[in-house]
Structure formats: structure tokens, C-alpha cells
Amino acid sequence: MIPLERCRDQLEHLGLTQAAQALDHTLEVAARKEWSYAEFLQDLLGVEAQARRERYLRTRTRLAHLPYRRTLEDFDFAFQPSVDERQIRELATLAFVHEAANVLLLGPPGVGKTHLAVALGLKAIEQGQGVYFVRAHNLLEDLARAQAEHRLDRRMRVYLAPKVLIIDEFGVWPCDRIATTALFTLISARYERGSIILTSNKGFAEWGEVLGDAVVATAILDRLMHHSHVINIRGESYRLREKRRAGMLTSVTATDAQPR
Ligand SMILES: Nc1ncnc2c1ncn2[C@@H]1O[C@H](COP(=O)(O)OP(=O)(O)O)[C@@H](O)[C@H]1O
Ligand SMILES: [Mg+2]
């Protein structure tokens, strides 16, 4: 067996499959550019390291259950002036994750709450933090079911383990007694231990109504807000603007609001 083939075999045997595949090409470039041995090795190992990082990020992203892929770069801050770009950039440093602080994104539908939550989640994944995304309704349904089946503790671990838990669309559906208790247990258990990014279309004043219990609502909000960044988004729905632009929707004032 010639040395080159043996090298390839050994790289594969060691699990360095990307380096094995890149070997021929890297050798050729090294010869052409007259690289030193160290430069050659650095390049070859770099190919493997890069491939591994990409694989790692893909796996972490899949495990996070994000509903879509949106980044901060995709977010048009000019469209949503009530969002302070500097504050979001500061959050993107993930200092809040290291402090186990929470981020509460509030506002009407379509203003970019989920988009920003997902974008911060992706940043956290890039930094090697565990992230898990769940809709509030599914989360509470899941915990209620687990409790009925006497396996709440085990199920709760799914939501306690990730450094960042994204709870989306809280408040769209009212919570019954069991859901409210489960939420309280979860928020208390994560308190000062892991971050929650929560999006909601309800203001804090409405939480009592959503949870069906003003006292528990206060207790939950107290823990959530103790270390938190609140982002209140007031503005137009991005989705509706897109539609309006495409001519699918004429101005609301022109069609609906005027008497005939
Ligand atoms: N300022 C923005 N710049 C770019 N895309 C936006 C912006 N705001 C919202 N979007 C897009 O509009 C859609 C709805 O936003 P989303 O975050 O899901 O809204 P919600 O506030 O209801 O969670 C998504 O596709 C999102 O990427
Ligand atoms: Mg949303």
C-alpha cells in the first residue's frame, strides 16, 4: 500500500473522515503553494474541525425544536422602531444566559417576538448552550399529562436541562388549575438557574386572568421578572405589511373604517 493510501486509511480509521476526503486536494494545494508541513497539517485538520462544528451546530439546532430559522441579521430594526437595536445586540452577547436572567418579549401578533426569540436561541446554540423551544400551550399540556401519569419529575427535566428555554405564545389560551400549577413549578425550578425567553401577546396585568389566579400569577411574575429584560414591541405586524405590499390587502382605514 502506498503511503498516501495508508494515510487515508488511517485518517478514516481514526474517524477523521472529512480530512481523509480532503487529503488529495490539500496535498495538491500544499504542493502548488509551497506550504510548510505545519501549514499543510493546519489546513487538513481545519477541514475536519470545521465539519465537526457544523455537524454539532446542526444537531443542537435540531434538538432545539425551533419553528423556523431566523437570525438577528434577518431582523429589520428600521421597520420596528419600538425595538431598541442596542438592547437586542446586548442580549445577543448572551450575558443574560450566564446570569440566568430572562427575556420577556411582549406585543401584538406579527411584530417579531418569535423571530427575536429564535435569533437569540441560535446565538446561544452557536456558543454551545443547550436551547429548547416550546409553545406555551404544548408545554402546559405536556406537563399536565405527565402529572396525570405520575411522571412529572422525569418530564420536567426536559424543560429544566437546557440553559435557554424558549416559551412561545404564552397567554393565547387560558390556563386551567393544573397548567397553572405546572407553570409555577417550572418557573420556580428554573429561577436563577437557567434563562427563559418568553413571548406573549398579553400584558402583565392580564396574567391573572390567563392563569385564573391572581395570587399565583403574581408569584410567577415575581420570579420571572426578578432578573429580566422586558422588550415591549408596539408596532405594525410585519406579515400584514408584506401582504399589503404585495397588494393582497388594501389599507384597513380605506376599506373597513369608513362609513358607506
Ligand atoms: N422587523 C422584522 N424584520 C424582518 N422580519 C420580521 C420582522 N418582524 C417580523 N418579521 C417576520 O414576520 C413573521 C412574523 O414574525 P413573528 O416573530 O413570528 O411574530 P410574532 O410577534 O407574532 O411572534 C416572521 O416570518 C418574521 O421573521
Ligand atoms: Mg410568535
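Magnitude of the charge dipole for the stretch 109-179, about its Cα centre and with charges confined to Cβ atoms of Lys, Arg (+1) and Asp, Glu (-1), is about 180 debye. Backbone phi angles across the stretch 74-83, fed through the Karplus curve with coefficients 6.51, -1.76 and 1.60 (θ = phi - 60°), yield HN-Hα couplings of 7, 8, 8, 5, 5, 6, 10, x, 6, 8 Hz in residue order; Gly and Pro are listed as x. The calculated pair-distance distribution of the stretch 72-243 uses every alpha carbon pair, bins of 10 angstrom beginning at 0, and gives 10, 39, 36, 13, 1 percent.
Inter-label distance, GLU5 to PHE79: 5.8 nm, where each label sits 7 Å from its Cα along the C-beta direction. Farthest towards the positive end of the charge dipole of the chain, among the residues GLN50, LEU122, VAL134, is the Cα of VAL134, using unit charges on the Cβ of Lys, Arg, Asp and Glu.
Dimensions of the stretch 103-191 from C-alpha coordinates, computed as largest minus smallest value along each principal axis and given longest first, are 35, 31, 19 Å. Using C-alpha pairs below 8 Å separated by at least 6 residues, the relative contact order for the stretch 78-221 is 31 percent. Of VAL103, VAL164, VAL215, the sequence from fewest to most neighbouring Cβ atoms within 10 angstrom is VAL215, VAL103, VAL164. Ranking of CYS7, CYS175 by neighbouring Cβ atoms within 10 Å, starting from the fewest: CYS7, CYS175.
Within the shell defined by Cβ-Cβ distances under 14 Å, the residues around ARG89 carry a net charge of -2, with Lys and Arg each +1 and Asp and Glu each -1. Helical content alone sets the calculated 222 nm signal of the chain at -17500 deg cm²/dmol, taking -39,500 (n - 2.57) per DSSP H segment of four or more residues and averaging over every residue.
Note on the chain: with charges restricted to the Cβ of Lys and Arg (+1) and Asp and Glu (-1), its dipole about the Cα centre is near 500 debye.
By the rule of a C-alpha distance below 24 Å, with chain neighbours fewer than 8 residues away ignored, the lysines paired with LYS243 are LYS113. Across the stretch 138-154, rounded Karplus estimates of 3J(HN,Hα) from the backbone phi angles (6.51 cos²θ - 1.76 cosθ + 1.60, θ = phi - 60°) give 5, 4, 6, 4, 4, 5, 5, 4, 4, 5, 4, 9, 6, 9, 5, 4, 5 Hz, Gly and Pro being marked x. Other residues within the sphere of radius under 13 Å centred on the Cβ of GLU54, judged by their own Cβ, net out at +4 (K and R +1, D and E -1). Considering the stretch 1-68, its Cα convex hull presents a mean projected area of 6.0 nm².
Counting every C-alpha pair in the stretch 1-153, the share spaced more than 20 angstrom apart comes to 66%.
The Cβ shell under 13 Å around ILE2 holds other residues with a net charge of -1, Lys and Arg each +1, Asp and Glu each -1. Distances between placed amide hydrogens fall under 5 Å for ILE197 paired with VAL103, LEU165, ILE166, ILE167, all partners being 5 or more residues away or on another chain. Panel order for HIS137, HIS150, by other beta carbons found within 10 Å of each beta carbon, from fewest to most: HIS150, HIS137. Between the C-alpha center of the stretch 23-89 and that of the stretch 208-224 there is a gap of 42 Å. Basic side chains Lys and Arg get +1 at the Cβ, acidic Asp and Glu get -1 at the Cβ, and with that the dipole of the stretch 144-211 about its Cα centre reaches some 400 debye.
Only the coordinates and a few stated rules stand behind these numbers; no lab work does. Keep in mind the model is a prediction, meaning the values are calculated, not measured. Quick reminder, even Gly has a Cβ in these numbers, built from the backbone with ideal geometry, and neighbours come from all protein chains shown.
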